[in-house]
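Since every read-out is calculated from the coordinates, none of them should be taken as a lab result. Keep in mind that this is a model prediction, so the values were computed, not measured. Methodologically, a virtual Cβ is constructed for each residue, glycine included, from the backbone with ideal geometry; neighbour enumeration extends over all protein chains shown.
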Amino acid sequence: MATFLFDKIIFGPVKSRRLGNSLGINILFNNAKYCNYNCVYCECGWSGEHEELFFPTASQVSVELEKYLKSLSSDSIKPDVITFAGNGEPTLNPEFFEIINKTVELRNFYLPDVKIAVLTNATQLNNPEVVEGLNKIDMPILKIDTVDQKEFELINGPVNNITIEKIIDMIILKIRKPIIQTMFLKASFDDYYFDNTTKRSLEKYYEVLKKISPEMVMIYSIARDTPMEGLESINLHKMQEIGEEIEKMGFKTIVTP
Ligand code: SF4
């Protein structure tokens with residue numbers, strides 16, 4: 001199915017289902033996806049092998065961002081949030097920390113009311129600079145789709161023996177104000193059987209949320225093309241039920257069908 005890659009560093013603002021007007025920053029390669037997960041629903045398509053590809057540097061990113069910020073006029077659509085997303089996992093950029101520092105400086109100077117968000121799979125929290133960068137911004141949005149290792153491997157396709165237990169532990173230990181994002185979905189074909197909305201899956205997921213005590217939880221389901229065909233999205237009624245359960249635990253929840 002059709003998926004999508006960005007061909008530049010700055011894009012948008014685009015209307016985000018969860019974030020409002022979002023100015024996107026892609027700090028991965030142009031036109032190629034780079035991630036240590038291979039999520040079955042990834043809008044960028046499947047992760048692949050790469051040779052001779054280069055990350056945008058901190059100075060390239062800040063030049064491009066400043067150019068955009070200087071171009072804003074009173075008629076421009078102002079972003080609500082500056083969001084690091086793009087062609088894969090942003091914390092894999094080796095200059096992630098410098099990029100965040102420069103972005104915070106530019107934001108403070110040009111658009112002090114705008115929030116900075118990073119959409120991350122949280123696999124790099126063993127790197128102190130990534131942790132410091134994520135704790136500096138307003139919205140570190142961390143992916144936990146399931147807390148079950150087998151389901152995690154089917155849905156997220158992690159490389160290098162990454163375990164969801166380790167990721168959860170690192171979030172609890174290292175991120176001061178985590179926002180958790182969860183994609184709910186199911187599949188039942190060939191070797192792919194999973195459903196992260198079963199009673200058993202959800203009970204374990206709620207227990208983990210209590211331990212993390214997130215600032216906010218963002219839950220959503222499939223709304224766009226996915227690289228794997230045959231995935232099923234979760235209906236709005238079920239999503240709202242899950243959202244209400246999370247709210248009952250005292251965590252603000254945004255439900256996006
Ligand atoms: S973590 Fe994000 S970028 Fe990486 S495969 Fe999953 S959805 Fe795609």
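Of VAL104, ASN38, VAL14, which is farthest on the positive side of the dipole of the chain, counting Cα position, with +1 on Lys and Arg Cβ, -1 on Asp and Glu Cβ, and the Cα centre as origin?
Selected residue: VAL104.
How would you rank 232-238, 209-215, highest first, on the average number of other Cβ atoms within 10 Å across their residues? The partial results should precede the final answer.
Values: 232-238: 14.0, 209-215: 16.4.
The packing order, highest mean first, is 209-215, 232-238.
Can you give the percent of C-alpha pairs in the range 183-223 whose distance is more than 14 Å?
Across the range 183-223, Cα pairs with separations above 14 Å total 59 percent.
Percent relative contact order of the chain, based on C-alpha pairs within less than 8 angstrom and at least six residues apart?
Relative contact order comes out at 19 percent.
Residue by residue, what Karplus-based ³J(HN,Hα) values in Hz, rounded to whole numbers, does the range 115-126 have, using 6.51, -1.76 and 1.60 with θ = phi - 60° and x for Gly and Pro?
8, 10, 10, 10, 8, 9, 8, 6, 7, 9, 6, 7
If amide H atoms are built 1.01 Å from N in the plane of the peptide, which residues on other chains or at least 5 residues away come under 5 Å of the amide H of ASP225?
none
For SER71, what is the net charge nearby, where nearby means another residue's Cβ is under 13 Å from its Cβ and Lys, Arg count +1, Asp, Glu -1? Don't skip to the answer; put the middle values down first.
On the way: positive: LYS67, LYS70, LYS78; negative: GLU64, GLU66, ASP75.
Here the count lands on 0.
Over the alpha-carbon set of the chain, divide Rg by the Kirkwood Rh and report the Rg/Rh ratio to two decimals. Let's see the in-between values first.
Values: Rg = 17.8 Å, Rh = 18.8 Å.
When Rh is taken as the Kirkwood radius, the ratio is 0.95.
Which are the unpartnered cysteines of the chain, meaning those with no other cysteine Cβ under 4.7 Å from their Cβ?
When partners are defined as cysteine Cβ atoms under 4.7 Å apart, the chain leaves CYS35, CYS44 without one.
Rounded to the nearest 20 Debye, what is the dipole magnitude of the chain about its Cα centre when Lys and Arg each give +1 and Asp and Glu each give -1 at the C-beta?
That gives the chain a dipole magnitude of about 820 debye.
Where does the chain land at 222 nm, in deg cm²/dmol rounded to the nearest 500, when only DSSP H runs of n ≥ 4 count, each adding -39500 (n - 2.57), divided by all residues?
Numbers: 7 runs with 84 residues, N = 257.
Value at 222 nm, helices only, nearest 500: -10000 deg cm²/dmol.
If you take every DSSP beta bridge whose two residues both sit in the range 162-257, what share of them, in percent to the nearest 5, is antiparallel?
Around 35 percent of the beta bridges assigned by DSSP in the range 162-257 are antiparallel ones.
What are the residues whose amide H is under 5 Å from the amide H of GLY88, where those residues sit 5 or more places off or on another chain and H is modelled from the backbone?
Under 5 Å from the amide H of GLY88: TYR34.
Roughly what % antiparallel, to the nearest 5, for the DSSP beta bridges in the range 10-256?
30
What chymotrypsin sites (Phe, Trp or Tyr not before Pro) does the range 1-88 have in DSSP loop regions with at most 14 other beta carbons within 10 Å?
Here the chymotrypsin sites (Phe, Trp or Tyr not before Pro) that fit, given the DSSP loop and packing criteria, are PHE4, TRP46, PHE54.
Which whole-Hz couplings ³J(HN,Hα) result when phi for each residue of the range 137-143 is put into the Karplus expression 6.51 cos²θ - 1.76 cosθ + 1.60, θ = phi - 60°, listed in order with x for Gly and Pro?
8, 7, 9, x, 9, 10, 7
For a quick check: with amide H placed at 1.01 Å from N, whose amide H comes under 5 Å from MET216's, ignoring anything fewer than 5 positions away on the same chain?
Counting only residues 5 or more places away or on other chains, the set is ILE180.
If one takes the longest principal axis of the Cα atoms in the chain, at what angle in degrees, from 0 to 90 and to the nearest 10, does the Cα axis of helix 96-110 lie?
60
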